[in-house]
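**Student:** Pasting a structure below so you can have a look.
The values are calculated or read from the model by the stated rules, or taken from the named source; none is laboratory data. Here the structure is a predicted model, which is why all the values come from computation and not from measurement. Cβ: placed from backbone, ideal geometry, glycine included. Neighbour counts: every protein chain shown.
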Amino acid sequence: MCSCCGSSRFGGPIRRCRPSWVGSSFCRRSRFCGSGRCCGCGGSGPSPPACVSSGALVSRSRSRSGGTMRRYLLVLPLLLLAGCATKPSSTTSEGGRQPAVTATDPALRASAIRADVSMLRADKPVFGITSEKDAVEDADRAAQEIGCRPMWRGVYASIGAPFELSRLTNAAGIPFLTVQPKDLGSVVEQKSWSLAATVAGKNDAKLRAVADTVVEYGDLVVIRYAPEMNGDWSPWAAGVNGNTASQYVKAWRHVVTLFREAGATNVLWLWAPNIIRGATVKGISQFWPGDKWVDLVGFTGYGVGSSAFGFESSASQTFDPTMKMLARVSKKPVVLAETGVGGKAKDRWMTTLGPWLRAHPNVIGLIWTQAPPPHSSADWRYNDSPRNMKAFKKSVVPNLACAPSR
């Protein structure tokens, strides 16, 4: 794996251009030294390619209707960094340390790309996973088992705990960052994280710390802020800690404004309630912040086969009621932000997901939960048995867009 190096290593500023996975080598993070050498590759890496402007990389691919169209490459968000921005050296020419750069400094603000939803689009929904293991190892395993390397990577952050830059740089894909306004742990009653407290600015310092880390990362990040607000299992949910739907809207707008003021132009905001089945609040429109505050919509939704929820034999049974509600709220692209299937006859449910994806062209991607219990509430994995993995590979994978092979 290629690793990043500071500008002091080769004497020039870091220039972030097209990553080497476009050529013959794969790098986890797309950075090259100003001297023209690939950082951390032992001198064996290819020469860094020229910087490219937004829209310069396109491919010819087959559309769902059978026609040929020009599309952005799936890897575009990681390949294109506006203007190939430079970051200032953390070391002076005399070897002394420079003052730390913060998100309010123009130099750091300029290092973040300007995100656009077009960066996520492909001719099929993009494949992503969330798991508890090493990101690169899991990506390699998916490529080997099902022939589809995930392009998106689920990452979680509780704002009450420190959030390190490595959580993003090691994601092995475009980070889908779930930002949870709470302290670590599963305690729901956290008065300090009530929506009223967030709106009043009492948590701004912790929120800014996350925003600064996202700006420092610089590349595209999709943030799913305070999801599943229509349930009752989170500190930000309606009915918990005195929260209301109108407070949720105000809190969402407050957080988005804070990130924008910090220079986080590299963020796409994903609004994602829980599917209606299992939610304590059946409506979702009362939580909608408005089109100017949201880039993507989606939901958490798992196929089930248990006595608690009954048996769902198809993706349509699981998703369609919520999809209809989403369509009444917004026409923005949809992401299955957290999904999988558990219980009986998982293979039968997965055989219906491929046709369902083809029937819903507004769905641009999915994040599959690959974390086994106790890291998740049930075993939602597609590869928990050879039979289930075969069904996923046969029905779902042909309807997904995957990252390039290493």
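**Student:** Checking K182 against (1) touching a helix residue (DSSP H, G or I) at 6+ places or on another chain (Cβ under 6 Å); (2) part of a helix (DSSP H, G or I), which single condition isn't satisfied?
**Tutor:** All conditions pass for K182, except number (2).
**Student:** Could I ask something else about it? All but one of (1) under 23 Å from P333 (Cα atoms); (2) in a loop (DSSP other than H, G, I, E, B) hold for L177; which doesn't?
**Tutor:** Of (1) under 23 Å from P333 (Cα atoms); (2) in a loop (DSSP other than H, G, I, E, B), only one is false for L177: (2).
**Student:** Answer yes or no: is there a residue in the range 222-232 that is out of contact with any His (no Cβ under 7 Å at 6 or more places or on another chain), part of a loop (DSSP other than H, G, I, E, B) and farther than 28 Å from D116 by Cα.
**Tutor:** Step one: of the range 222-232, the residues out of contact with any His (no Cβ under 7 Å at 6 or more places or on another chain) are 222-232.
Within this subset, residues satisfying the condition of being part of a loop (DSSP other than H, G, I, E, B) are 226-232.
Checking the rest, the ones that are also farther than 28 Å from D116 by Cα come to 231-232.
There is at least one residue in the range 222-232 that is out of contact with any His (no Cβ under 7 Å at 6 or more places or on another chain), part of a loop (DSSP other than H, G, I, E, B) and farther than 28 Å from D116 by Cα.
**Student:** Only residues that are farther than 25 Å from S377 by Cα, at pLDDT 90 or above and not charged (D, E, K, R): list them for the range 175-203, please.
**Tutor:** Of everything in the range 175-203, those that are farther than 25 Å from S377 by Cα, at pLDDT 90 or above and not charged (D, E, K, R) turn out to be L195, A196, A197, T198, V199, A200, G201, N203.
**Student:** On to the next question. Quick one: which of K206, K202, K250 is farther than 18 Å from S158 by Cα and of a type in the set (K, R)? It would help to see each step written out before you state the result.
**Tutor:** Details: K206 fails: farther than 18 Å from S158 by Cα; K202 fails: farther than 18 Å from S158 by Cα.
Result of the check over K206, K202, K250: K250.
So that you can scan it fast, the table gives a plain yes or no per residue for (1) among the polar types (S, T, N, Q); (2) crowded, with 23+ Cβ neighbours inside 10 Å; (3) on the phi < 0 side of the Ramachandran plot:
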residue: R149; (1), (2), (3): no, no, yes
residue: S166; (1), (2), (3): yes, no, yes
residue: A172; (1), (2), (3): no, yes, no
residue: S186; (1), (2), (3): yes, no, yes
residue: Q190; (1), (2), (3): yes, no, yes
residue: T198; (1), (2), (3): yes, yes, yes
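**Student:** Return the residues of the range 341-376 that are β-branched (V, I, T), closer than 13 Å to T318 by Cβ and part of a helix (DSSP H, G or I); say none if nothing qualifies.
**Tutor:** Result: T352, single match.
**Student:** Hey, another quick one. Among the numbered conditions (1) buried (at least 21 other Cβ atoms within 10 Å of the Cβ); (2) over 21 Å from K390 (Cβ atoms); (3) not hydrophobic (A, V, I, L, M, F, W, C), tell me where T369 comes up short.
**Tutor:** (2)
**Student:** Pairs under 6 Å by beta carbon, first residue under 26 Å from L120 (Cα atoms) in the range 202-224, partner crowded, with 20+ Cβ neighbours inside 10 Å and of a type in the set (S, T, N, Q), six or more apart or different chains?
**Tutor:** Listed pairs, sorted by first residue: G218/S111; L220/N266; V221/N266; R224/T178.
**Student:** Shifting gears a bit: How about the range 270-306: which of its residues are in contact with a helix residue (DSSP H, G or I) (Cβ under 8 Å, 6 or more places away or on another chain), among the charged types (D, E, K, R) and under 18 Å from K331 (Cα atoms)?
**Tutor:** Across the range 270-306, the qualifying residue is only D295.
**Student:** Across the range 197-221, what is the number of residues that are farther than 29 Å from R277 by Cβ and part of a helix (DSSP H, G or I)? Full working, then the answer.
**Tutor:** Going residue by residue through the range 197-221, those that are farther than 29 Å from R277 by Cβ are 197, 199-221.
When the remaining residues are screened for being part of a helix (DSSP H, G or I), the result is 197, 199, 204-217.
The number of residues fulfilling the criteria is 16.
**Student:** Any chance the range 208-217 includes a residue that's under 23 Å from P321 (Cα atoms), assigned by TED's automatic domain parsing to the domain that holds T318 and touching a Ser or Thr at 6+ places or on another chain (Cβ under 9 Å)?
**Tutor:** No, the range 208-217 has no match at all.
**Student:** Next question, about the same structure. When the residues of the range 351-365 are narrowed to those that are of a type in the set (A, V, I, L, M) and surrounded by fewer than 24 Cβ atoms within 10 Å (Cβ to Cβ), which ends up nearest to the chain's Cα centre (by Cα)?
**Tutor:** Initially, the range 351-365 is screened for residues of a type in the set (A, V, I, L, M), giving 353, 357, 359, 363-364.
Adding the requirement that they be surrounded by fewer than 24 Cβ atoms within 10 Å (Cβ to Cβ) leaves 357, 359, 363-364.
Values: L357: 19, A359: 23, V363: 15, I364: 12 Å.
Out of the qualifying residues, it is I364.
**Student:** Would you check if there is a residue in the range 299-318 being β-branched (V, I, T), over 21 Å from the mean Cα position of the chain (by Cα), crowded, with 21+ Cβ neighbours inside 10 Å and not in a helix (DSSP H, G or I)?
**Tutor:** We begin by selecting, within the range 299-318, every residue β-branched (V, I, T); these are 300, 304, 318.
Subsequent filtering for residues that are over 21 Å from the mean Cα position of the chain (by Cα) retains 304, 318.
Filter once more, keeping what is crowded, with 21+ Cβ neighbours inside 10 Å: 304, 318.
Add one more test, that the residue is not in a helix (DSSP H, G or I), and what stays is 304.
Scanning the range 299-318, I find at least one residue that is β-branched (V, I, T), over 21 Å from the mean Cα position of the chain (by Cα), crowded, with 21+ Cβ neighbours inside 10 Å and not in a helix (DSSP H, G or I), so the answer is yes.
**Student:** Which of (1) closer than 23 Å to P227 by Cα; (2) part of a loop (DSSP other than H, G, I, E, B); (3) touching a helix residue (DSSP H, G or I) at 6+ places or on another chain (Cβ under 8 Å) is the odd one out, the single condition R328 does not satisfy?
**Tutor:** (2)
**Student:** Can I ask one more? Find all pairs meeting these conditions: Cβ atoms under 6 angstrom apart; at least six residues apart or on different chains; first residue within the range 126-138 and at pLDDT below 90; second residue of a type outside the set (G, A, S).
**Tutor:** Pairs found: S131/D138; S131/Q370; E132/H375; A135/R153; A135/N170.
**Student:** Right, something else. Evaluate the following for T322: is it closer than 30 Å to A115 by Cβ, part of a strand (DSSP E or B) and within 22 Å of the chain's Cα centre (by Cα)?
**Tutor:** No: the conditions fail for T322.
Residue-by-condition table, conditions (1) touching a strand residue (DSSP E or B) at 6+ places or on another chain (Cβ under 9 Å); (2) assigned by TED's automatic domain parsing to the domain that holds M151; (3) farther than 23 Å from K282 by Cβ:
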site: E312; (1), (2), (3): yes, yes, no
site: P321; (1), (2), (3): no, yes, no
site: L353; (1), (2), (3): yes, yes, yes
site: Q370; (1), (2), (3): yes, yes, yes
site: P373; (1), (2), (3): no, yes, yes
site: D379; (1), (2), (3): yes, yes, yes
site: A391; (1), (2), (3): no, yes, yes
site: S395; (1), (2), (3): no, yes, yes
